[in-house]
Amino acid sequence: MSFFNLPASFERAEKRMKGKAKAGGRRPRSDRGTPRTDARTLDVLAEVAGGYDRPRMADLLSSVDHRCKREGCKPPSRASVYKLLSTLPTPSYKVAGLPPAVRAALYNLTGDSEVPAHQLAFFCFNYGDLAAMSFAAGLPWLALYQAGRLPGYRPRSRGLVEAVMRARGI
C-alpha cells in the first residue's frame, strides 16, 4: 500500500463526510447590505452630526437620544453611531458652483454633475493645488471624516488629510 494514495484518501473522506451538513449551511439574511436602523433615526443622526465642527461624542449621543425619544423612534447605541458616521450622507455640491481650482481637481466631471462632500475632499487633496486643498480643509467635519477613511490616497495626500483632521479635532 502506497502512503500517498490520493484517490483512496478522497474516497475515505467522502464516506466520512456523507450525510453531514455543509460548513456554510446557514442561509444569509434576506436584508443583508441594507441598514436595519430606522430611517427617522438616520435623519436625526444626520441632522445632529451635520455641522461644521465635530461635536463631542457624549454631546452627540445625548442630542440624538433626546431627539429620537421626542420623534418616537429608538435611539442607536454608541457603537451603531460610530458605524453609521462612516456611511451617513454628506452634502452634495454642484461642480459648476465650485471655485476654479476645485473644478480643475475634478478633472473628469462635467459642470452639471453633483459631488458628495467626502468625494470632493478626496479629489481636492489627491489631485488639487493649494487653493483646492484649502477649500477641502474648510468642508464640514463629517465630509473630512469620511474622506479620511477612503482608500486610494497618494502617500503625501494622506498626510495632508490627516494633518487637517488633527488640526480641526476630527
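The table below lists the values:
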item	result
Average accessible surface area per residue within the stretch 1-156, 1.4 Å rolling probe, Å²	69 Å²
GNM top mover of 27, 36, 67 - the chain, alpha-carbon springs below 10 Å	27
Residue-level accessible surface for residue 6, protein heavy atoms, 1.4 Å, Å²	110 Å²
Solvent exposure ordering (accessible area, 1.4 Å, most first) of 10, 122, 4	4, 10, 122
Net dipole in debye of the stretch 42-137 [+1 Lys, Arg Cβ; -1 Asp, Glu Cβ; about Cα centre; nearest 20]	340 debye
Percent carbon-and-sulfur accessible area, the chain, ignoring ligands, DNA and RNA, probe 1.4 Å	55 percent
For the stretch 50-124, with +1 on Lys and Arg beta carbons and -1 on Asp and Glu, the positive-most of 51, 95, 123 along the dipole	51
Net charge dipole size for the chain [Lys, Arg +1 and Asp, Glu -1 on Cβ; Debye, nearest 20]	1160 debye
Surface accessible to a 1.4 Å probe, residue 82 within the full protein complex, Å²	90 Å²
Size-normalised alpha-carbon gyration radius of the chain, reference 2.2 N^0.38 Å	1.57
Accessible surface of residue 107 - all protein chains present, 1.4 Å probe, nearest 10 Å²	140 Å²
Mean separation of Cα contacts under 8 Å, 6 or more apart, over the residue count of the stretch 33-153: relative contact order %	25 percent
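The values are calculated or read from the model by the stated rules, or taken from the named source; none is laboratory data. What you see is a predicted model; the values in this text were computed from it and never measured. Cβ atoms come from the backbone with ideal geometry, glycine included; neighbour counts cover every protein chain shown. Heads up: the accessible areas ignore ligands, DNA and RNA and are worked out on the full protein's heavy atoms, side chains in. Shrake-Rupley method; radii C 1.70, N 1.55, O 1.52, S 1.80 Å.
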